[in-house]
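What follows is a set of notes on a single structure, which appears directly below.
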Amino acid sequence: MSFLRLVLCILFASSSILAEEKAEKDPGAYAENSKYFDKQHISEMTNLDSTLYVMKRDYNTTTGFRCLSATKVGQHTDGSYVYTLNARSSGESRYYDVTMTAERTGCHSDANSAFYEEFPGEGATHHKLMTMDEQRTCFLFATEHRYGGYGCLLVVSEEIADQEISEECLTVYNQQCEKGVEPYERSCKDNTSSTPNECKKHPEKKQPQVLDHLSCRREL
């Protein structure tokens with residue numbers, strides 16, 4: 001480890017511990033606290049083929065979109081992934097593809113962040129994994145804001161979307177995040193909603209493929 005990286009690691013660790021001691025809500029600091037690194041391996045999420053649904057989010061809370069989800073549909077030769085993001089409003093769905101890169105931040109020795117464009121046209125940002133449950137069915141992220149600071153994004157796999165959120169994820173969310181919104185509904189798993197022309201739904205594929213990026217200029 002280089003001297004500069006060592007200094008940065010010390011600074012990251014110090015700020016994370018200080019924030020926790022003050023009982024502040026600081027998801028960014030939590031995501032860089034070495035005490036929790038064992039629950040912050042992003043590969044545990046990227047290894048899943050299951051659709052992930054957003055259960056809680058404490059930013060962009062005025063959105064009218066529901067049923068926010070992400071499904072892995074392919075992988076590039078450079079190791080980055082292709083995910084289809086989906087959201088529903090008034091019975092209609094918006095689909096678009098994003099390239100997600102697994103990156104390492106702070107003092108992490110393994111990739112801990114999903115770097116992708118969550119909102120079309122706003123550029124990619126870090127989504128640093130804060131924690132996950134033992135079953136690898138829920139994942140809580142510290143989402144980097146363009147204007148500074150972090151928000152929280154809690155997602156679960158489709159298999160348990162209609163069940164209670166794991167205490168392991170929910171406890172950290174309640175400690176580190178604002179109340180936010182809960183965009184998931186039981187009807188979110190239905191595939192009967194119409195799809196507008198500007199954002200085409202991809203046909204189901206048994207094997208993930210690399211897809212072209214789509215630009216659907218709607219804020220989710």
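Name the single residue, out of those in the stretch 133-142 being surrounded by 13 or more Cβ atoms within 10 Å (Cβ to Cβ) and out of contact with any Ser or Thr (no Cβ under 7 Å at 6 or more places or on another chain), that is farthest from residue 43 (Cα to Cα).
So in the stretch 133-142, the residues surrounded by 13 or more Cβ atoms within 10 Å (Cβ to Cβ) come out as 133, 136-142.
Subsequent filtering for residues that are out of contact with any Ser or Thr (no Cβ under 7 Å at 6 or more places or on another chain) retains 136, 139, 141-142.
Details: 136: 11, 139: 12, 141: 14, 142: 16 Å.
Ranking the candidates gives 142 first.
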Per the list (1) under 18 Å from residue 127 (Cβ atoms); (2) in a helix (DSSP H, G or I); (3) in contact with a helix residue (DSSP H, G or I) (Cβ under 9 Å, 6 or more places away or on another chain); (4) not aromatic (Phe, Trp, Tyr), residue check on residue 55 breaks on (2)
For the stretch 67-87, does any single residue satisfy the condition of being free of Cβ contacts under 8 Å to residues at least 40 places away in the same chain, among the hydroxyl-bearing types (Ser, Thr, Tyr) and within 12 Å of residue 118 (Cα to Cα)?
-> yes
Checking the structure you have, find out if any residue of the stretch 155-166 is closer than 17 Å to residue 59 by Cβ and of a type outside the set (Lys, Arg). yes
Subset of the stretch 24-46, residues farther than 17 Å from residue 104 by Cβ and in a loop (DSSP other than H, G, I, E, B), comes to 24, 25, 26
Here the qualifying pairs (Cβ atoms under 7 Å; residues six or more apart or on different chains; first in the stretch 94-118 and touching a residue at least 60 places away in the same chain (Cβ under 8 Å) and farther than 18 Å from residue 32 by Cβ; second of a type in the set (Val, Ile, Thr) and in a loop (DSSP other than H, G, I, E, B)) come out as 95/195
When restricted to 194, 166, 157, the only residue farther than 20 Å from residue 28 by Cβ, touching an Asp or Glu at 6+ places or on another chain (Cβ under 6 Å) and at pLDDT 95 or above is 166
**Message:** Among the residues of the stretch 27-34, are any farther than 30 Å from residue 9 by Cβ and either surrounded by 17 or more Cβ atoms within 10 Å (Cβ to Cβ) or polar (S, T, N, Q) (or both)?
**Reply:** no
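The values are calculated or read from the model by the stated rules, or taken from the named source; none is laboratory data. None of these values were measured; they are calculated from a predicted model. Positions of Cβ are generated from backbone atoms using ideal geometry, with glycine treated the same way; all protein chains shown enter the neighbour counts.
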